[in-house]
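> Here it is, the structure, as structure tokens.
The values are calculated or read from the model by the stated rules, or taken from the named source; none is laboratory data. The structure presented is a predicted model; accordingly, all values stated were derived computationally and were not measured. Cβ: placed from backbone, ideal geometry, glycine included. Neighbour counts: every protein chain shown. These accessible areas exclude ligands, DNA and RNA; they are computed on the full protein's heavy atoms, side chains included. Shrake-Rupley method; radii C 1.70, N 1.55, O 1.52, S 1.80 Å.
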Amino acid sequence: MNSKTFYIETMGCQMNKLDSELIVGQLNRLGYEQLSGAEGAGVVIYNTCSVRQHAEDKVISKIGQFRGQGVVLAVVGCMAERLGQKLLDDYSEVDVVCAPGMLHKLGDMIERARQGHER
């Protein structure tokens, strides 16, 4: 697994799609390579909306797949803003929680998580 690779999955509204495009650009500028699937990615990002319960449920079901895999797992978007610390408290697999207003700091948050700093 190359830690400078990432996979991003976008669920929810049009705003999430735009945010994901901005995230891809930010991570590319930091030297990350985007993969088409989560397998083998050093960083996995789920960008989802709180308005659509199905999208939140889908993310929660996927989080458990990363237990013990050494992947930096980030949950971003409205779901991250709504659940915040609860995601970190309830799911040890989640390393980064980033609300839409903080997306400009996501690259730094991911780098800190890769270096083993506090979640």
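> Quick one: putting +1 on the C-beta of Lys and Arg, -1 on the C-beta of Asp and Glu, what dipole do you get for the chain around its Cα centre, in Debye to the nearest 20?
Numbers: 13 positive and 15 negative charges, 14 e Å.
Dipole magnitude for the chain comes out near 60 debye.
> If you take the alpha carbon radius of gyration of the chain and divide it by 2.2 N^0.38 Å, what ratio comes out, to two decimals? Display every interim value, and only then the final one.
Values: Rg = 12.7 Å, N = 119, 2.2 N^0.38 = 13.5 Å.
Expressed relative to 2.2 N^0.38 Å, the Cα Rg reads 0.94.
> Enumerate by residue number the GluC sites (Glu not before Pro) in the stretch 37-119 meeting two conditions: DSSP loop (anything except H, G, I, E, B), and at most 15 other Cβ atoms within 10 Å of the site's Cβ.
Working: sites: E39, E56, E81, E93, E111, E118; in loops: E39, E93, E118.
When the GluC sites (Glu not before Pro) of the stretch 37-119 are filtered for loop state and at most 15 Cβ neighbours within 10 Å, E39, E118 remain.
> Another one. Compute from the Cα atoms of the stretch 25-89 the Rg and the Dmax, the latter being the longest Cα-Cα distance, and quote both in angstrom.
Using the Cα atoms of the stretch 25-89, the pair Rg, Dmax is 12.5, 34 Å.
> A further question on this structure: Carbon and sulfur atoms: what percent of the 1.4 Å accessible area of the stretch 67-112 do they account for? Numbers along the way, then the final one.
Values: 1070 of 2250 Å².
Exposed carbon and sulfur together represent 48 percent of the surface.
> Another question, if that's okay. Residues of the stretch 1-44: accessible area per residue at 1.4 Å, in Å²?
Details: 2360 Å² over 44 residues.
Value returned for the stretch 1-44: 54 Å² of accessible area per residue.
> Here is a follow-up. Kindly state, as a whole number, the per residue volume in cubic angstrom of the convex hull around the alpha carbon atoms of the stretch 64-109. Display every interim value, and only then the final one.
Numbers: hull volume 3.0 nm³, N = 46.
Output value, Cα hull per residue: 66 Å³.
> Among the lysines in the chain, how many pairs, 8 or more places apart or on different chains, have alpha carbons under 23 Å apart?
Number of lysine pairs found: 9.
> Turning to a different aspect of this structure: Name the residue, out of K62, K105, K17, whose mean-square fluctuation peaks in a Gaussian network model built on the chain with Cα pairs under 10 Å.
K62
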